[in-house]
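Enquirer: Below is one structure. I have some questions about it.
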Amino acid sequence: VCVCVLQTAVSLPGVLLHVLADTLGSVGVIISSLLIRAYDWMIADPICSIFMAVLIFASTIPLLRTSLHILMQRTPQGQEEAIDALLQK
C-alpha cells in the first residue's frame, strides 16, 4: 500500500509537469513566431526558449527534491510524528 501511494505521489506531479512543459513550449513558439512576424524580432525565439527553460527547471526542483528523499529512504513528511508516537509505546 505504501509503495503505491508513494509512486502516485511522485508520478502525478511529474505527469502534470510534463503536460505543462509541452503546453508552455507550444505557447512560447506561438508567441515568438508572432513577434518575429509582426516586428521582425529574431531575438524573440531564443528569449522565449530561455524563459521556458528557466520556468520548467524551477518547477521541477520540488519533484527532484521529493524523488531524492525517496531514493535516500527518508521518512515521508507528515509521518515522522506518527512514527515517533508508535516508537514511544
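Enquirer: Do the sum for the chain: with -39,500 (n - 2.57) for every DSSP H run of n ≥ 4, divided by all residues, what is the mean residue ellipticity at 222 nm, to the nearest 500 deg cm²/dmol?
Expert: Calculated at 222 nm, the ellipticity per residue is -30000 deg cm²/dmol.
Enquirer: How much accessible area per residue does the chain have, in Å², with a 1.4 Å probe?
Expert: For the chain, the per-residue accessible area is 82 Å².
Enquirer: For all pairs of alpha-carbon atoms in segment 15-86, what percent lies in each bin of width 5 Å, listed from the first bin to the last filled one?
Expert: P(r) over segment 15-86, rounded to whole percents: 3, 14, 16, 14, 12, 10, 8, 7, 6, 4, 3, 2, 1, 0.
Enquirer: Additional query: For the residue pair residue 49 and residue 85, what label-to-label distance in nm results when each label sits 7 Å from Cα along the Cα-to-beta-carbon direction?
Expert: 5.4
Enquirer: Under 8 Å for C-alpha pairs, at least 6 residues apart: give me the relative contact order for the chain, rounded to a whole percent.
Expert: Dividing the mean separation by the residue count of the chain yields 27 percent.
Enquirer: Still on this structure: What is the magnitude of the charge dipole of the chain about its Cα centre, with +1 placed on the Cβ of each Lys and Arg, -1 on the Cβ of each Asp and Glu, and no other charges, expressed in debye to the nearest 20?
Expert: Around 120 debye, computed over the chain.
Enquirer: Continuing with the same structure: Can you tell which of 31, 43, 70 shows the greatest fluctuation in a Gaussian network model of the chain with Cα springs below 10 Å?
Expert: 43
Enquirer: Using the Kyte-Doolittle scale, find the helices of the chain whose mean hydropathy is at least 0.0 and whose Cα atoms extend 20 Å or more along the helix's long axis, counting only whole DSSP H runs.
Expert: TM-like helix candidates: 2-39, 44-71.
The values are calculated or read from the model by the stated rules, or taken from the named source; none is laboratory data. Note that the structure is predicted; figures quoted are calculated from it, not measured. FYI the Cβ positions are ideal-geometry reconstructions off the backbone, even for glycines, and counts take in every protein chain you see. Just the protein is used for accessible areas: all its heavy atoms, side chains included, with ligands, DNA and RNA removed. Shrake-Rupley method; radii C 1.70, N 1.55, O 1.52, S 1.80 Å.
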